[in-house]
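Notes to accompany the following structure.
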Amino acid sequence: MIRLIYSLLLGVLLLGACQKDDYYIDGGKANPYYDGDILQYIESKPIDFDTVAQVIKLAGMEDFFRNEEFTFFAPRDLDIKNMIGDMNTIGTANYLLFVGGKDTIQTLADVDSMIWRRYLMRHIFKGKNLLADYPQVDFDVRSIFPGQNFYNYDETAVLNIGVVYFDAGGIKYNGYRQLAISYIPDVSRPNDDWLTRSVASSDIQPKNGVIHALVAQGDFGFSRGDITLEIFLSKP
């Protein structure tokens, strides 16, 4: 009888395991390897990255995303949609354009391709860098655990990247680890006014690089004020 009960319990556990989703929360397969390039991976996840894929193409960066080797802290569709916004939402590009008497954005193509490229580049870094390649950052004691500052791919921005070690079981730094990336608005004051995004899924590995998918509802390019002002100034 004991053996029968044990067999039944084992069968239930195995069935439950087979039914579990093999994805991390917010994207990224449990198997980190993807048999394709970075753009192909982005296109394979339309729920999270359909708008991002369109922006990559509008920026003229298809070949770059297919052939270059880099690490991509991938923004989410919602980041771009929230940045564009509407004429009634303060802080969005369309609000600024409407108040300024300029044509609002109706399609992604209404934004200058060089603006898309410039702010995509803020999310891109040379080489293949996994979570394990970055140092620890503790935002409460940055003097001890400062993370590390990096130039983005085209060296137009400086961002701090580090791994947050969470506490667990009453033991400091004993819990799970999560990548965080912070845009530094003024390099002459490198410790001030960081704009930080957390990573939802790390170490996704297409053939030509690494993707760290950011938590949704942040700012595309890490600073909404920068890109909305640039869009406004680009319009006649």
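Miscellaneous remarks
- Cα centroid of the stretch 41-60 to Cα centroid of the stretch 143-193, whole Å: 26 Å
- Distance between modelled label sites at R189 and K172, nm, 7 Å Cα→Cβ extension: 2.9 nm
- All aspartates and glutamates inside 20 Å of K102 as judged from Cα atoms, apart from same-chain residues fewer than 8 positions distant: D86, D110, D112, D226, E230
- For Kirkwood radius over Cα pairs in Å, the value computed from the atomic coordinates appears in the list [x] 17.7; [y] 18.2; [z] 19.5 under label [z].
- Extension gain from K126 to S198, taking 0.36 nm per residue of separation minus the Cα-Cα distance: 24.0 nm
- Here is the list for the stretch 171-236: trypsin sites (Lys or Arg not before Pro) lying in DSSP coil, each with at most 12 other C-beta atoms within 10 angstrom of its C-beta, are K172.
- Net charge over other residues, Cβ less than 12 angstrom from the Cβ of D37 (K, R count +1; D, E count -1): -4
- Dividing the helix sum by the residues of the chain, where each DSSP H run of 4 or more adds -39500 (n - 2.57), gives a mean residue ellipticity at 222 nm of -9500 deg cm²/dmol.
- Counting DSSP beta bridges with both ends in the chain, the antiparallel % (nearest 5): 75 percent
- On Cα atoms only, tilt of 224-234 relative to the major axis of the chain in degrees: 30 degrees
- From phi via Karplus (6.51, -1.76, 1.60), per-residue ³J(HN,Hα) for the stretch 136-147 in Hz, x at Gly/Pro: 6, 10, 10, 5, 8, 9, 5, 5, 9, 10, x, x
- Highest to lowest packing among 45-54, 208-217, 155-164, scored as the average C-beta count within 10 Å: 208-217, 155-164, 45-54
- Close amide H contacts of D37 (hydrogens built in the peptide plane, cut-off under 5 Å, sequence separation of 5 or more or a different chain): K207.
- Calculated accessible area for the stretch 78-227 comes out at 49 Å² per residue, all protein chains present (probe 1.4 Å; ligands, DNA, RNA ignored).
- Subset of K81/K126; K45/K126; K128/K172; K81/K172 violating a 32 Å alpha-carbon distance limit: K81/K172
- Once C-alpha pairs closer than 8 Å and six or more residues apart are averaged by separation and normalised to the residue number of the stretch 146-236, the relative contact order reads 16 percent.
- Virtual spin-label span in nm between V215 and D154, 7 Å along Cα→Cβ: 2.9 nm
- Phi angles of the stretch 208-221 translate, via the Karplus equation with coefficients 6.51, -1.76, 1.60 and θ = phi - 60°, into HN-Hα couplings of 10, x, 10, 10, 10, 7, 6, 4, 5, 6, x, 10, 5, x Hz per residue; Gly and Pro are given as x.
- The Cα trace of the stretch 194-236 gives Rg and Dmax of 14.3, 42 Å, the first to one decimal, the second as a whole number.
- Scalar couplings 3J(HN,Hα) for the stretch 52-68, obtained by applying the Karplus form with A = 6.51, B = -1.76, C = 1.60 to θ = phi - 60°, are 4, 4, 5, 5, 4, 6, 5, 7, x, 10, 4, 4, 4, 6, 8, 10, 6 Hz; x denotes Gly and Pro.
- Chain lengthening between A109 and D50 when straightened (0.36 nm per residue, less Cα-Cα): 19.8 nm
- The share of accessible area on the stretch 91-146 that comes from carbon and sulfur is 53 percent, using a 1.4 angstrom probe.
- About the centre of its Cα atoms, the chain shows a dipole size close to 480 debye [charges on the beta carbon of Lys, Arg (+1) and Asp, Glu (-1) only; nearest 20 debye].
- Near the amide H of F150, within less than 5 Å, lie the amide hydrogens of L159, N160, I161, all on another chain or at least 5 residues away, with H placed in the peptide plane.
The values are calculated or read from the model by the stated rules, or taken from the named source; none is laboratory data. Note that the structure is a prediction, hence the values are computed from the model and not measured. Heads up, the Cβs are rebuilt from the backbone with ideal geometry, glycines too, and the neighbour counts pull from every protein chain shown. These accessible areas exclude ligands, DNA and RNA; they are computed on the full protein's heavy atoms, side chains included. Shrake-Rupley method; radii C 1.70, N 1.55, O 1.52, S 1.80 Å.
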